[in-house]
Amino acid sequence: MPGKNNTIVGTQWGDEGKGKVVDILSKKADIVARFQGGANAGHTIVIDGQKRILHLVPSGIFQEKTTCVIGNGVVLDPFGFLDELEALRGWDVDYEGRILISGATNLILTYHKKIDGLREKNRGAGSIGTTGRGIGPAYADKIARTLAIRISDLVDSRDDYNCLKVKLEANRIAKAHFLDDLSEKDQIDWDDLFSQLKEIADIFRPMMINASLFLDNAYKEGKSITFEGAQGGMLDVDLGSHPFVTSSHPGTGGALTGLGIGPKVVGEVVGIVKAYTTRVGGGPFPTELFDEIGETLYKNGEEVGASTGRDRRCGWLDLVVLRHTFRINGVEKIAITKLDVLDGFEEIKVCVAYMLDGEKITEMPVDMSRLADCTPVYETLPGWQDKTRGVTSLDELPKEAKSYINFILKQLGVEAALISTGPDRKDTIMVN
Ligand code: GDP
Ligand code: IMO
Ligand code: MG
């Protein structure tokens, strides 16, 4: 009998609280699998006041019995990954044998990060505001095929025809014209990079699996699997706020191709919705607030990036965004996070439509660059003065907070799975 699976995806511009929700919803899971993105992700989990941030390791690692899988859709910085294992050891997490990586996962290496930085610099005022983690250049290599280096190449132990060596040399030649712009001291030492990779290859060898086969067998055995998205629907490379997006598919489709599974395996799709909206990096953001309210959301929400430490831009909840990302991901249930950040507001606004060229629209413009010309149409709801922070049952919520939640659910035609009322694992209302 197939197990009960769920796929957890961000529905805004990332940082919705996926780490916290995956940790909670994977309590009964046998496996938690990441399917896209890289160390651009920063997923925070707070347990008994102790804060931990993960970038590549799936957020199910703190549930003692889960096996964590990194899929072929992820771009993995092997040195960054090893730093994360060290952090796990520091937190006394026994991860031995519990982290497995698809052999088809592509690597992010030093040159990807340097090219990411150089390209951003060249974009000037039109820069994307990337995380600088080499994401775009690594996915570009993957799509261009021959320059991509995979986990299976890293662990290749043949001496006569060593894939890693051959591919590094191909990259050295192909990337010379990009890297020319680097100063002398920033140039890549290719021989040193090869030696460093050879040194760490043995650590990765026992972790390498055929993730597609592993998950298919687990599914058929009735094991339960949680699929963890990184980023959010508005950062999807095709369907997000292009070109201010990441280079992967952070949604349900990405789970299929990023792990090699069929559509039935993804199970129930849970969209994570922050009770307001944030965005980090460049690009249009119709409900962004530049006033005291925006400042309060930023302060109360502690909206500082978990990966790069950059300030996040803040604004009201945007239902046009959510209609779009719910549709492209087939969201069935939602987890509303950071409800407590709205405590104490006199009134709360929700964007229900945009005005564009004098017309009211309720769906995203076809040309995403027009998002910059959209102005929000708001509905105003009453705020609440009592605290929701730390509340663990629906009954304890102020009636205005319940109305706010019900308004969102009704507008979007979905049910709530949980409501998060604080960063800690325990600050949670389990609904469904
Ligand atoms: P992710 O990338 O989607 O996993 O989200 P991040 O970890 O980047 O950002 C979410 C931030 O909000 C983290 O600092 C979390 O600890 C915090 N957080 C999550 N849920 C809640 C909540 O319900 N209330 C508050 N106040 N903070 C939360
Ligand atoms: P999590 O998983 C928020 C944003 C960057 C930039 C754009 C492209 O923590 O929600 P990239 O480095 O991917 O080429 O940057 O995407 N971005 C994120 N924003 N949360 C994230 O991940 C993000 N990952 C990338 O800020 O605007
Ligand atoms: Mg994050």
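Sort out for me the strands (runs of 3 or more DSSP E) sitting completely within region 1-84 that have 2 or more residues that are among the hydrophobic types (A, V, I, L, M, F, W, C), within 16 Å of ligand 3 (Cβ to nearest atom) and open to solvent by less than 10 Å² (accessible area, probe 1.4 Å).
Details: elements: 6-10, 31-34, 43-47, 50-54, 67-70.
The qualifying strands (runs of 3 or more DSSP E) are 6-10.
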Taking GLY129, is it farther than 18 Å from TRP190 by Cβ, within 16 Å of ligand 3 (Cβ to nearest atom), under 24 Å from the mean Cα position of the chain (by Cα) and of a type outside the set (A, V, I, L, M, F, W, C)?
yes
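Could you list all residues from region 246-263 that are part of a helix (DSSP H, G or I) and open to solvent by 10 Å² or more (accessible area, probe 1.4 Å)?
To start, the set of residues in region 246-263 that are part of a helix (DSSP H, G or I) comprises 252-257, 263.
Matches in region 246-263: THR252, GLY253, LEU256, THR257, PRO263.
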What is the one condition in (1) of a type outside the set (A, V, I, L, M, F, W, C); (2) within 13 Å of the chain's Cα centre (by Cα); (3) assigned to a loop (DSSP other than H, G, I, E, B) that PRO243 does not satisfy?
(2)
Could you look through region 308-348, keep only residues that are away from ligand 2 (no atom under 16 Å from the Cβ) and without any contact (Cβ under 8 Å) to a residue 40 or more places away in the chain, and pick out the one that is surrounded by the most Cβ atoms within 10 Å (Cβ to Cβ)?
ARG327
Within the bounds of region 47-55, is there any residue that is farther than 23 Å from GLU199 by Cα and of a type in the set (Asp, Glu)?
yes
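Within region 406-415, does at least one residue satisfy the condition of being more than 16 Å from ligand 3 (Cβ to nearest atom), touching a His at 6+ places or on another chain (Cβ under 9 Å) and either modelled with pLDDT of 95 or more or of a type in the set (D, E, K, R) (or both)? Break it down into steps so the answer makes sense when it comes.
Restricting attention to region 406-415, the residues satisfying the condition of being more than 16 Å from ligand 3 (Cβ to nearest atom) are 406-415.
Next, from what is left, pick out any that are touching a His at 6+ places or on another chain (Cβ under 9 Å): none.
Among the residues of region 406-415, not one is more than 16 Å from ligand 3 (Cβ to nearest atom), touching a His at 6+ places or on another chain (Cβ under 9 Å) and either modelled with pLDDT of 95 or more or of a type in the set (D, E, K, R) (or both), which makes the answer no.
Could you list, in sequence order, all residues of region 377-392 that are among the small types (Gly, Ala, Ser) and surrounded by 14 or more Cβ atoms within 10 Å (Cβ to Cβ)? Before you say what the answer is, go through the steps one by one.
At the first step, the residues of region 377-392 found to be among the small types (Gly, Ala, Ser) are 383, 390.
Selection gives GLY383 alone.
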Take the conditions farther than 20 Å from ILE200 by Cβ, touching a Ser or Thr at 6+ places or on another chain (Cβ under 9 Å) and acidic (Asp, Glu) and apply them to ASP23. Does it pass?
yes
Single residue of region 351-367 satisfying the filter (free of Cβ contacts under 8 Å to residues at least 24 places away in the same chain and assigned to a loop (DSSP other than H, G, I, E, B)) that is surrounded by the most Cβ atoms within 10 Å (Cβ to Cβ)
PRO365
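Sort out for me the helices (runs of 4 or more DSSP H) sitting completely within region 120-225 that have 3 or more residues that are open to solvent by 20 Å² or more (accessible area, probe 1.4 Å).
On the way: elements: 135-144, 151-154, 163-179, 190-204, 211-220.
Ranges flagged: 135-144, 163-179, 190-204, 211-220.
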Residue list for region 231-264, filter: polar (S, T, N, Q) and on the phi > 0 side of the Ramachandran plot
GLN231
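Per-residue answers, yes or no, for (1) within 16 Å of ligand 1 (Cβ to nearest atom); (2) touching a helix residue (DSSP H, G or I) at 6+ places or on another chain (Cβ under 9 Å):
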| site | (1), (2) |
| --- | --- |
| VAL74 | yes, no |
| PRO78 | no, yes |
| LEU82 | no, yes |
| LEU109 | no, yes |
| LYS114 | no, yes |
| GLY136 | no, yes |
| ILE143 | no, no |
| THR146 | no, yes |
| ILE151 | no, yes |
(1) among the hydroxyl-bearing types (Ser, Thr, Tyr); (2) touching an Asp or Glu at 6+ places or on another chain (Cβ under 9 Å); (3) closer than 30 Å to ASP311 by Cβ all hold for SER224 apart from (3)
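Scan region 264-293 for residues that are surrounded by fewer than 19 Cβ atoms within 10 Å (Cβ to Cβ) and more than 10 Å from ligand 2 (Cβ to nearest atom) and jot them down. First the steps, then the outcome.
As a first pass, look at region 264-293 and keep what is surrounded by fewer than 19 Cβ atoms within 10 Å (Cβ to Cβ): 264, 268, 282, 284, 288, 290-293.
Hits for region 264-293 are LYS264, GLU268, PRO284, GLU288, PHE290, ASP291, GLU292, ILE293.
The values are calculated or read from the model by the stated rules, or taken from the named source; none is laboratory data. If you're wondering where the values come from, they're calculated on a predicted model, not measured in any experiment. Cβ coordinates were reconstructed from backbone atoms using ideal geometry, including for glycine residues, and neighbour counts include every protein chain displayed. SASA here: full protein model, heavy atoms, side chains in, ligands and nucleic acids out. Shrake-Rupley method; radii C 1.70, N 1.55, O 1.52, S 1.80 Å.
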